[in-house]
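Here it is, the structure in full.
Any read-out appearing in this document is the output of simple, stated calculations on the displayed coordinates, not a laboratory observation. Predicted model, so just to flag it, every value in this text is computed and none were measured. Glycine gets a Cβ as well: all are built from the backbone with ideal geometry, and neighbour counts include every protein chain shown.
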Amino acid sequence: MRSFLFSILFTLYTLVSFSQNNDVRTNALGGCGLTQTTVWSNFSNQAGLANISEFTFGLGSENQFLLSELNRHIVVCAIPVNGGVIGLNLNYFGFELYNETKIGLAFGKKLSQSFNIGLQLDYLGTYIQDGTNSIHNFTFEVGVQKQLNKELTLGAHIFNPTTVKLNENIPSVFRVGLRYDANQKVSIFTEGRLESEQNGNLHIGIEYKIINELSLRTGFSTNPAKNSFGIGYTLSKIQIDVAVNKHQVLGYSPQLLVSSTF
């Protein structure tokens, strides 16, 4: 059984790249995370860290396609300092026969009231229990956010522009997107993603605030086609987010994240 799962994992390898979005809000919105400004910007766009004013810590898990061997666990924090915000994040995926680890050190800074920039240095490691031991390398990612007007915010991000290798090439990924705040309750998101040696894909998401503490989210992405939905709830200084992605062939991937300010 373990050998069979090991084969499945290699078949799905291109679906679980190091550049994959990992936070619930992004996943619930169909993969649209470029314009958010939370501790989870560690993963989606480090420029968003610049808006954080308190120490924030978060952790969570994702069960891809309801297989325990495809679990992902993440830990993040954001630390405001003079001149900007430092972000730290850890992402672990897999099981004892095969696992991936990504560790990031980020920094987000406001260059003006409407323009943020972010940079992250990444350690990427892969372990394969097949006589090959572990493989590791380093890369980086850069992101920006620009508030165009009261309703529109632009975000852009590039991951691994130098296309470093592990056991195979890790793709370079460029994303650009917009957030449109239609009113105080409804926000509409759209993003385009271009990955090296792959066709581009489109992401669309909608967030509706029922009340200030409770938000409903849904989204859709192409190549591969996936539907998503989720809920966000704020309890004092604690934020709880739940999302479920549905791949048209492989099925459901539930995810839960909890974060808190101090």
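Looking at (1) within 19 Å of the chain's Cα centre (by Cα); (2) under 24 Å from Thr56 (Cβ atoms), which one does Ile204 not meet, given that it meets all the others?
Looking at each condition in turn, Ile204 falls short on (2).
For the stretch 25-38, which positions are outside any loop (DSSP other than H, G, I, E, B) and either over 8 Å from the mean Cα position of the chain (by Cα) or closer than 18 Å to Leu121 by Cα (or both)?
Arg25, Ala28
Each row is one residue, and each column tells you yes or no for (1) closer than 23 Å to Val81 by Cα; (2) over 18 Å from the mean Cα position of the chain (by Cα).
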site	(1), (2)
Leu105	yes, no
Gln129	no, yes
Ser134	no, yes
Thr139	no, no
Glu151	no, yes
Val173	no, no
Val186	no, yes
Leu194	no, no
Asn199	no, yes
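Of the residues that sit in the stretch 117-142 and are part of a strand (DSSP E or B) and either of a type in the set (Gly, Ala, Ser) or in contact with a Gly (Cβ under 6 Å, 6 or more places away or on another chain) (or both), which one is nearest to Ala50 (Cα to Cα)?
Gly118
So, in the stretch 106-136, how many residues would count as being buried (at least 16 other Cβ atoms within 10 Å of the Cβ) and more than 21 Å from Leu154 (Cα to Cα)?
Residues that pass the stated criteria total 6.
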